Amino acid sequence: MNAKSGKMILSSILIVLAVGLLFPIYNAPIWWVSLEAPQYPEEAFPDGVRILFHLNGVFNGCKKIEKTEIIEEEALDCVHEMDTINHYVGMYPIASGGPVELYFSIFLLALVGVMLLAYICVRPLIRTGIMVVGFGALAVFMGMSWLGNDGLNLLSNNYLDGRITVIGEEAADVQDKAASASDEQLAAMKAALGEGGVDLPEGMGALEALKASQAGEDIEVVEIDETESAEESPPTQTEVQPENSTADLTGKDLSLAYFEEAFVEFQKRLPGEDEEWNGSGSQFVPWHYQKSLGKYFRDPAVLAPMVAKIKTAGNILFWGLLAIMVFLLVMARKPKGVFNWMLILIPMGLPVYFIIEYVTWLWWYGHNMSSMGAFTLKPFTPTAFGQGKVAQFTTNSYPDVGFWLIVLFAVLLGVAAYLRKQEQESAENNQ
């Protein structure tokens with residue numbers, strides 16, 4: 001083995017190792033943020049109110065406390081806890097940040113993987129074949145997900161789990177309104193929810209009853225005789241499930257069914273809306289963004305243009321990625337020249353891209369606060385790195401294991417590029 005082939009082989013090995021890091025990078029926490037305050041004592045919150053930023057969502061960073069004096073069946077949902085804290089000053093939910101980037105992150109990493117595999121190969125014909133096959137498969141995968149029916153089914157469980165963060169708030173809303181309702185209204189709500197030993201009048205549906213009760217109308221409910229024998233009683237909901245029931249679903253199927261039900265219910269509350277659920281990314285992302293923004297602040301006049309921008313951004317990124325793949329295929333087929341270096345130099349910037357994205361969205365949160373918040377703060381940018389102070393809260397923001405994997409990814413590519421450059425210079429000097 002001569003020095004020339006040795007450098008080329010080592011460069012290729014380093015690139016393969018870097019490509020192998022893309023999967024753990026996608027699933028690992030990249031950055032963590034926590035809030036500390038007197039009302040969150042260290043005994044119960046050893047890490048404060050902590051959340052984890054991944055490339056595919058925002059996740060709970062609080063752990064279950066196991067102490068004699070503290071009994072927890074499950075860990076506190078600190079994403080929801082932080083959202084609750086932030087909404088008092090008019091900040092939108094954490095999960096509303098970067099909806100387009102989170103959706104397309106899997107495709108962006110796949111694009112990087114194809115670029116690097118193509119860079120390894122120095123034979124133009126084989127390199128072109130790698131890009132044609134890789135970019136072609138990625139284009140089909142991305143197109144089916146973004147535009148095709150049930151496109152969400154092609155994404156990971158982690159992404160879907162992260163998007164469930166702000167879904168399912170309606171039950172809490174109903175209970176809040178029940179606190180000030182009359183006895184008749186309260187009974188109607190319970191009947192609609194299948195509770196309280198009462199049933200709705202014949203011909204009245206649950207949704208209709210909820211709307212009527214929330215509008216202040218009194219509804220005469222029918223008491224259920226619980227002493228009747230099981231043979232004489234009608235089957236309960238648990239005994240007879242409708243065909244579209246989610247009772248027997250698990251994992252991704254349950255998440256998808258959950259989103260569909262939430263979308264249908266959301267559409268029913270919007271006047272003039274009759275859009276049917278198709279499960280495509282282009283439908284899901286703007287709808288989920290609208291629902292996320294409206295978790296605490298439901299002002300259609302304010303939310304509509306924000307949602308429209310996200311919908312446009314999603315379509316621009318989709319077609320933009322397709323255009324980038326065509327451009328790279330045309331310009332970077334040969335293993336020499338300026339465009340050849342794009343295949344490795346662009347992926348090397350991944351740590352910088354993340355930091356820019358992270359700081360940009362922090363700025364957005366602090367400069368786009370709703371006027372419906374209980375308190376008013378001057379526009380600000382939350383601390384991106386290190387420790388900061390907001391009112392009585394101490395904020396912490398630091399890189400997590402995923403970010404260091406990204407740094408390692410960039411270092412491996414940097415060394416591989418340096419070895420390849422040395423090899424090319426050596427070859428030119430020997431000519």
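A compact table of results
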{"read-out": "Failed item in (1) surrounded by 16 or more Cβ atoms within 10 Å (Cβ to Cβ); (2) out of contact with any Leu (no Cβ under 7 Å at 6 or more places or on another chain); (3) at pLDDT 90 or above, with VAL133 passing the rest", "value": "(1)"}
{"read-out": "Those residues of region 287-305 which are touching a residue at least 40 places away in the same chain (Cβ under 8 Å) and farther than 21 Å from SER105 by Cβ, in sequence order", "value": "LYS295, TYR296, PHE297, ASP299, VAL302"}
{"read-out": "Enumeration of residues in region 75-128 that are closer than 19 Å to ILE15 by Cα and outside any helix (DSSP H, G or I)", "value": "CYS121, VAL122, ARG123"}
{"read-out": "Residue match in region 234-257 (condition: at pLDDT 85 or above and either outside any helix (DSSP H, G or I) or surrounded by 13 or more Cβ atoms within 10 Å (Cβ to Cβ) (or both))", "value": "yes"}
{"read-out": "Residues being modelled with pLDDT of 85 or more, surrounded by fewer than 16 Cβ atoms within 10 Å (Cβ to Cβ) and either in contact with a helix residue (DSSP H, G or I) (Cβ under 7 Å, 6 or more places away or on another chain) or among the small types (Gly, Ala, Ser) (or both) - total across region 266-296", "value": "0"}
{"read-out": "Residue match in region 400-419 (condition: in contact with a helix residue (DSSP H, G or I) (Cβ under 6 Å, 6 or more places away or on another chain) and of a type in the set (Phe, Trp, Tyr))", "value": "yes"}
{"read-out": "Residue within region 33-43 that is assigned to a helix (DSSP H, G or I) and among the aliphatic types (A, V, I, L, M) present", "value": "no"}
{"read-out": "Qualifying positions in region 363-390 - of a type outside the set (D, E, K, R), exposed (fewer than 14 other Cβ atoms within 10 Å of the Cβ) and free of Cβ contacts under 8 Å to residues at least 40 places away in the same chain", "value": "HIS367, PRO379, PHE385, GLY386, GLN387"}
{"read-out": "Residue that is nearest to LEU405 (Cα to Cα), among those in region 1-51 that are touching a residue at least 12 places away in the same chain (Cβ under 8 Å) and among the hydroxyl-bearing types (Ser, Thr, Tyr)", "value": "TYR26"}
{"read-out": "Residue, modelled with the highest pLDDT, within region 372-431, restricted to residues that are among the charged types (D, E, K, R) and not in a strand (DSSP E or B)", "value": "ASP400"}
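The values are calculated or read from the model by the stated rules, or taken from the named source; none is laboratory data. Everything numeric here is computed off the predicted structure, so don't read it as measured data. As a convention, Cβ positions derive from the backbone with ideal geometry for all residues, glycine included, and neighbour counts pool all protein chains shown.
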